[in-house]
Every structure is written in C-alpha cells, then in structure tokens.
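Inspection log for the structure reproduced underneath, given as structure tokens.
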Amino acid sequence: MVKKQEAKKMIDEKKTRRISIRLTETDYRYLLAISSMAGMTTSEYLRTLAKASVSAAKVQEQKGVFNLE
C-alpha cells in the first residue's frame, strides 16, 4: 500500500523522460481506436499501460522476485 506522502510525491513528480516507438500503420490505427474507446489520448493510454507495468514490477520487487539494480 502506498503511503500518503509517497502518493503525493508520485503525483507531483515531473515527467522528464520521453520514449519514442515505431508502429506499423495498422497497429497505429488500432492504437488510435483503442485509446479513443478508452476516452484517452494515445499518450495517456500508453502512459497508463506503462504505469501498470511499472506498478507490477514494484510489487514483484517488494516480494523479492525482481531487483531494479
């Protein structure tokens, strides 16, 4: 469980890293459709997916299964 202070830090943390990917035209169109159905921009949608993956990794790290270093 995230403590209140940690949660505030995550909300206030500035985004400083950028990721660039290449997709086929078909995959790009699917991504646009999926993000639109979710009511998000493509950036918001991909950021949500990334956050879910990072959260899962943090849980695994807490369990001792994963180590960032």
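The values are calculated or read from the model by the stated rules, or taken from the named source; none is laboratory data. These numbers were taken from a predicted model, which means no experiment stands behind them. Only protein heavy atoms, including side chains, enter the accessible area calculation; ligands, DNA and RNA are left aside. Shrake-Rupley method; radii C 1.70, N 1.55, O 1.52, S 1.80 Å.
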With x for Gly and Pro, the residue-by-residue ³J(HN,Hα) of segment 52-69, computed from phi through the Karplus equation 6.51 cos²θ - 1.76 cosθ + 1.60 at θ = phi - 60° and given in whole Hz, is 5, 5, 5, 4, 5, 5, 5, 5, 5, 5, 5, 7, x, 7, 10, 10, 5, 8
Fully extended contour minus Cα-Cα distance, from Ser53 to Asn67, at 0.36 nm per residue: 3.6 nm
Keeping all protein chains in the complex and leaving out DNA, RNA and ligands, what accessible area do you get for Asp12 with a 1.4 Å probe, in Å² to the nearest 10? 90
Hey, what's segment 26-69 come to in accessible area per residue, 1.4 Å probe, Å²? 82
Calculate, in nm to one decimal, what Glu44 and Ile21 gain on full extension: separation in residues at 0.36 nm each, minus their alpha carbon distance. 6.8 nm
